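Engineer: What follows is a single structure, and I will ask about it in a moment.
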Amino acid sequence: MSDGQQSKSSGRSVQRSLELAERARKLVPGASHTGSKSPKQFVQGVSPTHIQRAEGSRLWDVDDNEYVDCNAALGPVLLGHSYPDVTEVVADQIQDGTMYTMEHPLHVEVAELISDMVPCAEKVTFAKSGNDVTTLAAKVARAYTDRDVIATQGYHGWPDVWFSDNENLDAGIPDVIGEYTESFEYNDIESIERIFEEHPDDVAAIVTTPVNLDPPEDEFLQRLREIADREGAVLVFDEVLTGFRFAPGGAQEYFGVTPDLACFAKAMANGYSISALAGKRDVMDVIARDDFFYSMTYAGDAATLAAAKATLTVQREENVHEHIFEIGEQLRDGYNDLAAELGLDDVTEANGYPPRFSIGFSGDRVAGPSEDEVHVGRVLETLFMQEAHKRGVLFTGPHIPTYSHTEDDVDEILHTYRECLGVLDDAIESGDVESYLEGELVGASLRERTGDD
Ligand SMILES: Cc1ncc(COP(=O)(O)O)c(C=O)c1O
């Protein structure tokens, strides 16, 4: 885009965003702390990079452009931005202080709530992020079984244990750690059985996201439960994304399979930083053993626990999940109907469960004989994102609806997507899709780099 920073068709300016991104680039490696919020994940030059404020289903960027939010801050915002039930209790709690020499009563109250809601949660402990509790789960499983190998599938955060056998992302991790992490494929029972054959009596845990974009097939989760029981391994569900989003009891309630340990974070406190490891009593009790060490100064601060209590209470008392499924289904299916109507269903498709679905693009039909289909798919994705952001619909990666999204929001998003797909159609017809781009191509997402969805 030109220096005027006015996007062609909307007249919107993202000038201040671009200035902030430039300042951030000088000081912050990668310009953001989360790969998925990196400017590379947006259409640099067209998309905003910094958000000023948010309310309900709406966001305003630093140039005061308004957007319907389709990302829920990558998952944590379950009820909607600045949801009054949550912000009021946090504001009250702050008046009384947030960190003390001993625990606040909310510590017990929130643990009791989680224990009531989540099938596996006989005991609960708190931390701050998803990384904390997935890594704690691996350590607990190793101590509980006195075994070393972790069999894993899906994204669980940045610590060594999760990336040590991924040669694309293993910089900074000693080779020896890779000997203790083995990856398997979702829905591929043979790939997990192989790990047990290769490491007899040494697999401490099966760690899996209960669901990715594809549904579990052939009772995949039940079979993992059976294998874990047969082999004496700990079954861990990483419910950082699915917890409190698929059902009050998470994906384990939704799919009816109870793990030994489960990790929760996003959606637990509507955006405040808290996570929880929950699980069977005997496994969780490892944390209190004299030879086991787990400690975290900021875990369980009272303001965040107040946010968690309010968020968990709203979802127990209201039809939060039903609403989120309905909105997600209308958006996902509405998008696929539009693509079919415009003859673009071989180019783009929305898939995944309604609480978190993705819109994908394929370059197969559009790529010329000398063009790379993957690159052309990325050009199409970038063009769609560019047109959506210019028109005030904000997404990166998956679509994640909240309890605050209304049917009017769905109509507005689908109306916008119809226009965006129209531009895509014109661009494809022209034979030069790339000439429609006003900013830089979006980069590969972390999930693409890791092979997860
Ligand atoms: C399934 C899953 N596990 C773990 C994590 C890491 O959580 P956090 O970024 O809060 O540390 C994520 C983050 O996206 C996730 O999606």
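The values are calculated or read from the model by the stated rules, or taken from the named source; none is laboratory data. All figures in this text were calculated on a predicted structure; none of them were measured in a lab. Please note: Cβ atoms are built from the backbone with ideal geometry, for glycine as well, and neighbour counts cover all protein chains shown. Ligands, DNA and RNA are stripped out before the accessible areas are found, and what is left, the full protein with its side chains, is counted by its heavy atoms. Shrake-Rupley method; radii C 1.70, N 1.55, O 1.52, S 1.80 Å.
Engineer: Measuring with a 1.4 Å probe in the full set of protein chains, what accessible area per residue, in whole Å², belongs to the chain? The partial results should precede the final answer.
Structural biologist: Values: 20020 Å² over 453 residues.
I get 44 Å² per residue for the chain.
Engineer: Indicate the helices, whole DSSP H runs only, in the chain that combine a mean Kyte-Doolittle hydropathy of -0.5 or more with a Cα extent along their long axis of 24 angstrom or more.
Structural biologist: Numbers: long enough: 320-341 (31 Å, -0.63); 373-390 (25 Å, -0.18); 407-430 (34 Å, -0.39).
Membrane-span-like by this rule: 373-390, 407-430.
Engineer: Loop-only check: which chymotrypsin sites (Phe, Trp or Tyr not before Pro) in region 80-177 are DSSP coil with at most 16 other Cβ within 10 angstrom? Mind dumping the intermediate values first?
Structural biologist: Working: sites: TYR100, PHE126, TYR144, TYR155, TRP162, PHE163; in loops: TYR100, TYR155.
When the chymotrypsin sites (Phe, Trp or Tyr not before Pro) of region 80-177 are filtered for loop state and at most 16 Cβ neighbours within 10 Å, TYR100 remain.
Engineer: Which ³J(HN,Hα) values, rounded to whole Hz and listed in residue order, are derived for region 39-49 from phi using the Karplus coefficients 6.51, -1.76 and 1.60 in 6.51 cos²θ - 1.76 cosθ + 1.60 with θ = phi - 60°, glycine and proline given as x?
Structural biologist: After applying 6.51 cos²θ - 1.76 cosθ + 1.60, I find x, 5, 7, 10, 8, 4, x, 10, 6, x, 10 Hz.
Engineer: Compute the signed sum of charges (Lys and Arg +1, Asp and Glu -1) over the other residues within less than 14 Å, Cβ to Cβ, of LEU305. Mind dumping the intermediate values first?
Structural biologist: Numbers: positive: LYS128, LYS309; negative: ASP92, ASP96, GLU103, GLU109, GLU112, ASP301.
Neighbourhood net charge equals -4.
Engineer: Something else about it: Taking only the alpha-carbon atoms of the chain, what semi-axes of the equivalent ellipsoid follow from 5 times the gyration tensor eigenvalues under a square root, in whole Å, largest first? Before the final figure, lay out each step's value.
Structural biologist: Working: eigenvalues 275, 145, 87 Å².
Result for the chain: semi-axes of 37, 27, 21 Å.
Engineer: Between beta-carbons, use under 11 Å as the cut-off and find the net charge around GLU239, counting Lys and Arg +1, Asp and Glu -1. Kindly include the intermediate steps, with their values, before the conclusion.
Structural biologist: Details: positive: ARG245, LYS266; negative: ASP238, GLU253.
That sum, taken over residues with Cβ under 11 Å, equals 0.
Engineer: Leaving out ligands, DNA and RNA, what percent of the accessible area of the chain is carbon and sulfur, probe 1.4 Å? Mind showing how you got there, number by number?
Structural biologist: Numbers: 9150 of 20020 Å².
Ligands and nucleic acids excluded, carbon and sulfur reach 46 percent.
Engineer: Mind giving me the FRET efficiency for ALA171 and ARG25? R0 is 22 Å, r the Cβ-Cβ distance, nearest 0.05 is fine.
Structural biologist: Efficiency, rounded to the nearest 0.05: 0.60.
Engineer: Which percentage, to the nearest 5, of the DSSP beta bridges contained in the chain is antiparallel?
Structural biologist: Details: 25 of 43 bridges.
Here the antiparallel bridges make up roughly 60 percent for the chain.
Engineer: Now a separate question. Under 25 Å Cα-Cα from LYS123, which lysines qualify once same-chain neighbours fewer than 8 residues away are excluded?
Structural biologist: Straight-line reach from LYS123, under 25 Å: LYS139, LYS266, LYS280, LYS309.
Engineer: Under 12 Å from the Cβ of LYS266, count the other residues' Cβ atoms, weight Lys and Arg +1, Asp and Glu -1, and hand me the total.
Structural biologist: Taking every Cβ under 12 Å from that of LYS266, the sum is 0.
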